[in-house]
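Heads up: the structure comes next, in structure tokens.
Please treat every number below as a calculation from the coordinates, not as lab data. Note that this is a predicted model, so its numbers are computed, not measured. A quick note on method: Cβ atoms are made from the backbone with ideal geometry, for glycine too, and the neighbour counts reach across all protein chains shown.
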Amino acid sequence: MKLKKSHKINPQFVIAISALVISIFTVFIYIYQARIMAKQHQDSVWPYIYSGRSLNNNGFKMTIYNKGIGPALIKSVSINVDGTNYNSWQSLLNQYDLDTLTFYCSNISGTIISPQEEHTIFGLTKSTEALLVWNKIPNINVDIIYCSIHDECWNSNGSQIKKINSYESINGICK
């Protein structure tokens, strides 16, 4: 009589293979979870810079706001009117024959703007001068290049915000 050779699967081998498969699967889950957490962290510190202008009884002012949830490092600020860039408020006023106006300004290049913080970057306190600027230069925009704490950078030009990879630093515009 011939004895059949039995091929029994060793239970220890099955347990070892199962543990190996589960371990590999767990590593992939942890890697995926770490990527999600890193993305969440980046999104949790995203600044959102917005510029605006206003005219009221107190005068005219150009203001920038950080409506985001993270701090914004302002890299550069420039003035734009109908596609023409100006390197200072004074040069803009000179171009429109308004060089005798008395204005105040704040140079914010290189500063950090906290979430929900606002800065006035240009203003006129005399209502007659303010109305003159409002009517004579209706399309003033401020181009702002800013970055998050993770060195992700954006360009905000008053109407849209674009993510950028590189930028040119511009000197301050408060001259």
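This model, with +1 at the C-beta of Lys and Arg and -1 at the C-beta of Asp and Glu, gives the chain a dipole about its Cα centre of some 1600 debye.
Apply 1/(1 + (r/R0)^6) to the Cβ-Cβ distance of L20 and N157, taking R0 = 45 Å, and write down the FRET efficiency to the nearest 0.05.
According to the calculation, E is roughly 0.25.
Highest mean packing first, where packing is the average number of other Cβ atoms within 10 Å per residue, the peptides 61-68, 25-32 line up as 61-68, 25-32. Counting Cα-Cα pairs of the chain in 10 Å increments starting at 0 gives whole-percent bin shares of 9, 29, 22, 11, 7, 6, 5, 4, 3, 2, 1, 0. With r defined as the distance between the Cβ atoms of T102 and H150 and R0 fixed at 41 Å, what FRET efficiency is calculated, to the nearest 0.05? So, using R0 = 41 Å, E works out to roughly 0.50. Rounded to two decimals, the Cα-based Rg/Rh of the stretch 52-109, with Kirkwood Rh, is 0.99. Summarising the label geometry, the points placed 7 Å from Cα in the beta-carbon direction at K136 and S114 lie 3.8 nm from one another. Only helices enter the 222 nm calculation for the chain: every DSSP H run of n ≥ 4 contributes -39,500 (n - 2.57), and dividing by all residues gives -9500 deg cm²/dmol, rounded to 500.
With each label modelled as a point 7 angstrom along the Cα→C-beta vector, the T128-I31 pair spans 7.3 nm.
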